[in-house]
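**Q** Dumping the structure here so I can ask a few things about it.
The values are calculated or read from the model by the stated rules, or taken from the named source; none is laboratory data. Keep in mind the model is a prediction, meaning the values are calculated, not measured. With ideal geometry, Cβ positions are generated from the backbone for all residues, glycine too; neighbour counts draw on all protein chains shown.
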């Protein structure tokens, strides 16, 4: 599996089932009273989460492990800066998610609205209507919720994992149509803050090729 496919799996994947959690219902999920209360808490938490910076560990479908620093700023902005020697960079901003592989000199993009993580990056997170909850699973001290876009479930399912009491976003995962799972775990998060907006912009290095020494 190539690196571009791994990055696409990270954002554009249906559902990651982690060991220890019961598989969420894929269709016809009917939330119980506790589910409704927990979804309300999660919605409130996510809407209060306007920005964060954290370290991350990513486990790709082929088992490859990479790490780096993530910045998230809602609405619509994210940056995954992978640690060397990884040549990968992911930047979300201006309505697009851009993937760049400096080693292969390849750049591709996909609209944020076509990715499961677009649900998380929305200005207002609403866990109903345009978003459908496909299931909730619990462990002591943890809660997992799985979401799809109601109108386009084929875009993929986003599975969020929270520590509970208090709620803290710890992980998300996606699984593509071939059931290849990509999992991202956050640690050492710093909530809030204002970031340099250049973090969420990508300028293709190829733009500068041939310009150096041109004298203008």
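**Q** Quick one: is residue 89 assigned to a strand (DSSP E or B) and either crowded, with 17+ Cβ neighbours inside 10 Å or at pLDDT below 90 (or both)? Steps first, answer last, please.
**A** Numbers: assigned to a strand (DSSP E or B): yes; either crowded, with 17+ Cβ neighbours inside 10 Å or at pLDDT below 90 (or both): yes.
Against the criterion (assigned to a strand (DSSP E or B) and either crowded, with 17+ Cβ neighbours inside 10 Å or at pLDDT below 90 (or both)), residue 89 qualifies.
**Q** Here is a list: 136, 148, 119. Which entry is outside any strand (DSSP E or B), in contact with a strand residue (DSSP E or B) (Cβ under 7 Å, 6 or more places away or on another chain) and surrounded by 21 or more Cβ atoms within 10 Å (Cβ to Cβ)? Steps first, answer last, please.
**A** Working: 136 fails: outside any strand (DSSP E or B); 148 fails: outside any strand (DSSP E or B).
Testing whether each residue is outside any strand (DSSP E or B), in contact with a strand residue (DSSP E or B) (Cβ under 7 Å, 6 or more places away or on another chain) and surrounded by 21 or more Cβ atoms within 10 Å (Cβ to Cβ) leaves just 119.
**Q** Something else about it: If a residue has to be within 18 Å of residue 46 (Cα to Cα) and either touching a strand residue (DSSP E or B) at 6+ places or on another chain (Cβ under 6 Å) or surrounded by 20 or more Cβ atoms within 10 Å (Cβ to Cβ) (or both) to count, how many in segment 93-116 make the cut?
**A** 3
**Q** Looking at this structure, is residue 79 surrounded by 12 or more Cβ atoms within 10 Å (Cβ to Cβ) and over 23 Å from residue 62 (Cβ atoms)?
**A** Numbers: surrounded by 12 or more Cβ atoms within 10 Å (Cβ to Cβ): yes; over 23 Å from residue 62 (Cβ atoms): yes.
So residue 79 fits the description; yes.
**Q** Filter segment 181-216 down to residues that are part of a helix (DSSP H, G or I) and farther than 30 Å from residue 48 by Cα and give me whichever is modelled with the lowest pLDDT. Can you show your working first?
**A** Narrowing segment 181-216 to residues part of a helix (DSSP H, G or I): 197-200, 205-208.
Now drop any that are not farther than 30 Å from residue 48 by Cα, which leaves 205-208.
Working: 205: 61, 206: 57, 207: 50, 208: 43.
Filtering segment 181-216 for residues that are part of a helix (DSSP H, G or I) and farther than 30 Å from residue 48 by Cα, the one modelled with the lowest pLDDT comes out as 208.
**Q** Which one of the conditions (1) at pLDDT below 55; (2) out of contact with any helix residue (DSSP H, G or I) (no Cβ under 6 Å at 6 or more places or on another chain); (3) closer than 23 Å to residue 199 by Cβ does residue 18 fail to meet, given that it meets all the rest?
**A** Unmet for residue 18, out of (1) at pLDDT below 55; (2) out of contact with any helix residue (DSSP H, G or I) (no Cβ under 6 Å at 6 or more places or on another chain); (3) closer than 23 Å to residue 199 by Cβ: (3).
Residues checked against (1) surrounded by 15 or more Cβ atoms within 10 Å (Cβ to Cβ); (2) modelled with pLDDT of 95 or more; (3) not in a strand (DSSP E or B):
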{"residue": "44", "(1), (2), (3)": "no, yes, yes"}
{"residue": "53", "(1), (2), (3)": "yes, yes, no"}
{"residue": "56", "(1), (2), (3)": "yes, yes, no"}
{"residue": "62", "(1), (2), (3)": "no, no, yes"}
{"residue": "71", "(1), (2), (3)": "yes, yes, no"}
{"residue": "75", "(1), (2), (3)": "no, no, yes"}
{"residue": "84", "(1), (2), (3)": "no, no, yes"}
